[in-house]
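J.: This structure is in structure tokens; I'll ask about it shortly.
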Amino acid sequence: MAFEPAARLGIFVVVFALLALWELAAPRRTLSIGRLRRWPNNIGVLLVDIAVVRIVMPAAAVGASLWAVGNGWGLFNWLQLRLSVGAVLGFLALDLVIWAQHYAFHHIPVLWRLHRMHHADLDFDVTTGVRFHPVEILISLAIKIAVVVALGIPPVGVFVFEVMLNATSMFNHTNARVPSWLDRVARLVVVTPDMHRVHHSIERRETDSNFGFNLPWWDWLFRTYRREPEAGHTGMTIGIPQFRDPAELRLDRLLTQPFRDDRGGASSGRS
């Protein structure tokens, strides 16, 4: 799938632009820090992530899928499942694995040190959805590759999952107002901004909820679903108790954050 990088980039740019315009036109919350100070650094993290992945794992998950299918590797290939069945089952399996990975990154201290950089954003908007530490990205990619090879997920299923994961990560971090009736209907099949915003609350019991990115069903199944933040969406505080100095929003501080502790901030309850 030689077209994959260009297709993913094109879809990313279009989705990002549409969501950015949406949240500018109909914001859900007033930003406390604003875009000028945050966006260049959050997007800078994304560019570092892209560079690191291209250097360390250039073939990525779709390349692993092509290799597995070409060599007959994986459960779905051994079972000789139809392409459509393998793609759908593979999508669901990857989504469940990403949910479990997200849960683990919250509950295993060494992994939380990587993931907390995502949560330390002092506002919540579309760029928060692309702000993940490059080491976390590499770990996540390695997990996805292992699942893709073990199951033999067809390349089309992996491609669709990767595109959807990128798009929904930006969508569910968007600072855009969704009518309450539409949010109730939409979160039956997709994680909405209001659903995921709860996960970015400073309150740990709310941070440790709503782990889904694509599908909301895993949070219902494993009882980690929380409908609303206790303080309401406009009254809640975004972020974590550590790293609340706006200086921590700089790119260099973001990249070194997992290896530092903010002794001036309150304890997050996790090392």
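J.: Does region 172-190 hold any residues that are surrounded by 24 or more Cβ atoms within 10 Å (Cβ to Cβ) and not polar (S, T, N, Q), and which are they?
T.: Of everything in region 172-190, just one residue is surrounded by 24 or more Cβ atoms within 10 Å (Cβ to Cβ) and not polar (S, T, N, Q), namely His173.
J.: Is there a residue in region 94-113 that is touching a Phe, Trp or Tyr at 6+ places or on another chain (Cβ under 8 Å), open to solvent by 20 Å² or more (accessible area, probe 1.4 Å), aliphatic (A, V, I, L, M) and at pLDDT below 95?
T.: No - not one qualifying residue is present in region 94-113.
J.: Which members of region 213-247 meet the condition of being open to solvent by less than 20 Å² (accessible area, probe 1.4 Å), in contact (Cβ under 8 Å) with a residue 60 or more places away in the chain and within 25 Å of Trp39 (Cβ to Cβ)?
T.: Result: Asn214, His233, Ile238, Gly239, Ile240, Gln242, Phe243.
J.: Return the total of residues in region 45-62 being open to solvent by 20 Å² or more (accessible area, probe 1.4 Å) and either part of a helix (DSSP H, G or I) or among the polar types (S, T, N, Q) (or both).
T.: So the count comes out to 10.
J.: What are the residues in region 97-145 that are closer than 30 Å to Leu21 by Cβ and among the aliphatic types (A, V, I, L, M), if any?
T.: Result: Ile98, Met117, Ala120, Leu122, Val126, Val130, Ile137, Leu141.
J.: When you scan region 169-271 for helices (runs of 4 or more DSSP H) that lie fully inside it, which ones turn up with 1 or more residues that are basic (Lys, Arg) and farther than 30 Å from Val48 by Cβ?
T.: Per the criteria, 180-186, 204-207.
J.: Take the residues of region 166-192 that are out of contact with any helix residue (DSSP H, G or I) (no Cβ under 7 Å at 6 or more places or on another chain) and in contact (Cβ under 8 Å) with a residue 12 or more places away in the chain: which is nearest to Val126 (Cα to Cα)?
T.: Among them, the one singled out is Thr168.
J.: A follow-up question, please. Hey, does region 117-133 have a residue that's surrounded by fewer than 17 Cβ atoms within 10 Å (Cβ to Cβ) and part of a helix (DSSP H, G or I)?
T.: No, because not a single residue in region 117-133 is surrounded by fewer than 17 Cβ atoms within 10 Å (Cβ to Cβ) and part of a helix (DSSP H, G or I).
J.: Ala247 passes all but one of (1) over 18 Å from Arg116 (Cβ atoms); (2) among the small types (Gly, Ala, Ser); (3) out of contact with any Pro (no Cβ under 7 Å at 6 or more places or on another chain); which number fails?
T.: Result: Ala247 passes all but (1).
J.: Condition first: open to solvent by less than 10 Å² (accessible area, probe 1.4 Å) and in contact with a Leu (Cβ under 7 Å, 6 or more places away or on another chain). Now tell me which residues in region 154-171 satisfy that.
T.: Phe161, Met170
The values are calculated or read from the model by the stated rules, or taken from the named source; none is laboratory data. Here the structure is a predicted model, which means the values were calculated and not measured. FYI the Cβ positions are ideal-geometry reconstructions off the backbone, even for glycines, and counts take in every protein chain you see. Calculation scope for accessible area: heavy atoms of the full protein, side chains included, ligands and nucleic acids excluded. Shrake-Rupley method; radii C 1.70, N 1.55, O 1.52, S 1.80 Å.
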